[in-house]
Amino acid sequence: QVQLAESGGGSVPAGGSLKLSCVWSGDTRKSYIMAWFRQPRNQEREGVAAFDTDGATVYTDSVKGRFTIDKDIYKHILTLQMNNLKPEDTATYYCAAVPKYHSTRGYVDFPGLTESAYDIWGQGTQVTVSS
């Protein structure tokens, strides 16, 4: 099993930038589809960006053009560069993963931002954007 650890959260004014990182450790031999989700206080968790093993990416509409997801498979780091941050981006951000070849589900098609498809989660990192 792989473990995920997020870092890079913080407090910034509107228009500022942050870069989140998610390091995965443990069973790094497998290929993982990975994603960022976020959960504002008292709201449902939502998908932000996802990265398939072939490099395909998907973003939720509200962050397109502002956020960039990237993955370094050699350093085992998933990043989320967040520019032009807005107060509505305030949330706890979570890193999530699912093996491309799952032990029980077999080959996993790219699930994009479907939360239920991911079964490995980090603890989260808080991002606060002030107006």
Report summary line: Of the residues in the stretch 2-46, those that are touching a helix residue (DSSP H, G or I) at 6+ places or on another chain (Cβ under 7 Å) and part of a strand (DSSP E or B) come to Phe37
Query raised in the report: Of the residues Gln1, Gln39, which single one is farther than 30 Å from Ser131 by Cβ, open to solvent by 30 Å² or more (accessible area, probe 1.4 Å) and not aromatic (Phe, Trp, Tyr)?
Result: Gln1
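So that you can scan it fast, the table gives a plain yes or no per residue for (1) modelled with pLDDT of 95 or more; (2) surrounded by 15 or more Cβ atoms within 10 Å (Cβ to Cβ); (3) under 11 Å from the mean Cα position of the chain (by Cα); (4) within 27 Å of Ser11 (Cβ to Cβ):
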{"site": "Tyr93", "(1), (2), (3), (4)": "yes, yes, yes, yes"}
{"site": "Ala96", "(1), (2), (3), (4)": "yes, yes, yes, yes"}
{"site": "Tyr101", "(1), (2), (3), (4)": "no, no, no, no"}
{"site": "Arg105", "(1), (2), (3), (4)": "no, no, no, no"}
{"site": "Pro111", "(1), (2), (3), (4)": "yes, yes, no, no"}
{"site": "Ala117", "(1), (2), (3), (4)": "yes, yes, no, no"}
{"site": "Trp121", "(1), (2), (3), (4)": "yes, yes, yes, yes"}
Query raised in the report: Which one of the conditions (1) surrounded by 14 or more Cβ atoms within 10 Å (Cβ to Cβ); (2) assigned to a strand (DSSP E or B) does Thr53 fail to meet, given that it meets all the rest?
Result: (2)
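Let's see how each residue does on (1) at negative phi; (2) in a strand (DSSP E or B):
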| residue | (1), (2) |
| --- | --- |
| Val58 | yes, yes |
| Ser62 | yes, no |
| Asp70 | yes, yes |
| Leu80 | yes, yes |
| Asn84 | no, no |
| Ala97 | yes, yes |
| Thr104 | yes, no |
Query - In the stretch 57-75, residue nearest to Tyr94 (Cα to Cα) [restricted to those that are open to solvent by less than 40 Å² (accessible area, probe 1.4 Å) and aliphatic (A, V, I, L, M)] - result: Ile69
Query raised in the report: Can you name every residue in the stretch 24-50 that is over 19 Å from Ser62 (Cα atoms) and touching an Asp or Glu at 6+ places or on another chain (Cβ under 8 Å)?
Result: Ile33
Report summary line: Those residues of the stretch 106-129 that are in contact with a strand residue (DSSP E or B) (Cβ under 8 Å, 6 or more places away or on another chain) and assigned to a strand (DSSP E or B) come to a total of 8
Query raised in the report: Which of (1) touching a residue at least 60 places away in the same chain (Cβ under 8 Å); (2) over 17 Å from Thr125 (Cβ atoms); (3) open to solvent by 10 Å² or more (accessible area, probe 1.4 Å) is the odd one out, the single condition Glu6 does not satisfy?
Result: (2)
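The values are calculated or read from the model by the stated rules, or taken from the named source; none is laboratory data. Quantities reported herein were computed from a predicted structural model and do not represent experimental measurements. Quick reminder, even Gly has a Cβ in these numbers, built from the backbone with ideal geometry, and neighbours come from all protein chains shown. Side chains are part of the model used for accessible areas, which takes the heavy atoms of the whole protein and leaves out ligands, DNA and RNA. Shrake-Rupley method; radii C 1.70, N 1.55, O 1.52, S 1.80 Å.
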